[in-house]
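Here the structure is laid out as structure tokens; the discussion comes afterwards.
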Amino acid sequence: MKFLLITLITHTEDPVTGVRLSTADRFREVVATAELAEELGFDGYGVGERHERPFISSAPPVVLSHIAARTSRIRLFTAVTTLSLLDPVRAFEDYATLDNLSGGRLELIIGKGNGSAQRDLFEVTTETQWARNAEGYELFRRLWREDRVTWSGRFRPALVDAEVWPRPLQQPIRVWHGSATSRESVELAAKWGDPLFSANVSNPIEPYAELIRHYRERWAFHGHDPARALVGAGTAGCYVARTSQQALRVYQPIFASKLALQSRLGLRPVFTTLEDFVERSSALIGSPAQIIDKVLRYHAEFGHQVIHLQADRDGLTERQHRDMLTLFQSEIAPVLRREIPAPPWPAES
């Protein structure tokens, strides 16, 4: 199994202390966490893309380029690149540049994105966002593979024998399709023979397991080898401690703050107690043995080979955060790497 840390770069008050970092300090924290992830042996670090409050992740190529300059080994992920909002030619230019600067360490997770504010900024409607995502990806993948492209579509000017520079380092890049509940993303991934990354965050396991089963069915329908299907899955939160009692004690105020935030936003929580959150969500909270058992139970349903943890401290102190990630890598990751073999990263092939 491979392990990623992913951040959407939320810019809010700390759920425990109430302190809010400056924008510059928040970005510095993101980069420092990426450096820590490489130091501890995580396989990848991902930066989301959002264009509305409370996120400041509107420019992932810029953030990932800075991280690329501060690291040397870790794979760099987008999570997700919102192709429904972007000109695929401009996105290609940004990410081909990043691929070269990083030494070919880039991996893309694409998706349509969500949120009405984002759609309003880019004049994208709910009726066209899926079509924009599919069309944008089809052009993007051609640009990555072909030196000259002739193309026409609905949402941007046609290209005639077009050259787009710079050419990327990786040929081709691996593109994952991120999906929370949508079969549209699953179908696009299966059609092109691309890996799927299930959000697996907001609900119990059932809807995500059903979506992954559908992906594997469509993968086979499109004629791909079932043994080559690659699946990743997210987690709703993580805190590992030596004992379950310690983990619950530390995470309780963090969970209480999350509930309070949902209440202020007028949202109805899916999990109303910490005990229910730990039991029925994908959150990994407990002792190393408990977390290993939970990941293996999810793997029995998903067959996933890659998992992401939240990169942010999210109410933990810097010491608690480092200690937690260190414990995860020393006592959990080795067991799961042994129990769940994963295909190599491109650099390892």
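Bear in mind these aren't lab numbers, they're just calculated from the coordinates by the rules spelled out. Since this is a predicted model, take the numbers as computed values, not measurements. Cβ sites come from the backbone with ideal geometry, for glycine too, and all protein chains shown count toward neighbours.
General observations
- Proximal lysines to Lys112, defined as alpha-carbon separation beneath 18 angstrom and excluding residues fewer than eight positions away on the same chain: Lys191
- Positive-end residue of Val164, Gln245, Ile205, charge dipole of the range 161-251 with Cβ unit charges: Gln245
- Highest GNM mean-square fluctuation among Gly153, Gly303, Gly41, for the chain modelled with Cα contacts below 10 Å: Gly153.
- GNM remark for the chain: springs join alpha carbons under 10 Å apart, and the peak mean-square fluctuation among Pro288, Pro204, Pro88 falls on Pro204.
- For the pair Ser116 and Arg73, the difference between a 0.36 nm per residue extended length and the Cα-Cα distance amounts to 11.8 nm.
- Restriction of the GluC sites (Glu not before Pro) in the range 63-143 to DSSP coil positions whose beta-carbon has at most 14 other beta-carbons within 10 angstrom yields Glu123, Glu127.
- Over the chain: helical MRE at 222 nm, DSSP H runs n ≥ 4 each giving -39500 (n - 2.57), nearest 500: -14000 deg cm²/dmol
- Placed amide H near Phe197: partners under 5 Å, 5+ positions off or other chain: His177, Gly178, Ser179, Gly232
- Stretchable slack from Arg167 to Thr181, in nm (0.36 nm times residue separation minus alpha-carbon distance): 1.6 nm
- Options Trp144, Ala189, Ala134, ranked by Cα towards positive dipole end of the range 126-231, top entry (Cβ charges): Trp144
- Given their separation in residues at 0.36 nm each and the Cα-Cα distance between them, Ser244 and His222 gain 3.5 nm when the chain is fully extended.
- For the range 261-314 versus the range 48-121, the gap between their alpha-carbon centres in whole angstrom: 25 Å
- Assuming charge only on the beta carbon of Lys and Arg (+1) and of Asp and Glu (-1), the dipole of the chain about its Cα centre is about 180 debye to the nearest 20.
- Label sites at Arg20 and Ser152, each approximated as a point 7 angstrom past Cα along Cα to Cβ, lie 5.0 nm apart.
- Between the helical axis of 23-40 and the longest alpha-carbon principal axis of the chain there is an angle of about 80 degrees.
- Of all the options Val240, Val63, Val30, the one that moves most in a Gaussian network model of the chain with Cα springs shorter than 10 angstrom is Val63.
- For the chain, leaving out every one of the trypsin sites (Lys or Arg not before Pro) that falls in a DSSP loop and has at most 13 other Cβ atoms within 10 Å, the longest unbroken run is 243-349.
- Overall, the range 1-121 carries a charge dipole of about 100 debye about its Cα centre when +1 sits on the Cβ of Lys and Arg and -1 on the Cβ of Asp and Glu, all other atoms neutral.
- Between amide H atoms placed 1.01 Å from N, distances below 5 Å from Arg75 occur with Gly44, Tyr45, all of them 5 or more places distant or on a separate chain.
- Considering only beta bridges that DSSP places wholly inside the range 44-188, some 15 percent are antiparallel.
- Cα gyration tensor category, rounded, prolate or oblate, for the range 201-349 with a/c compared to 1.5: oblate
- Using the Cβ-Cβ distance between Arg264 and Thr126 with R0 set to 25 Å, the FRET efficiency from 1/(1 + (r/R0)^6) comes to roughly 0.45.
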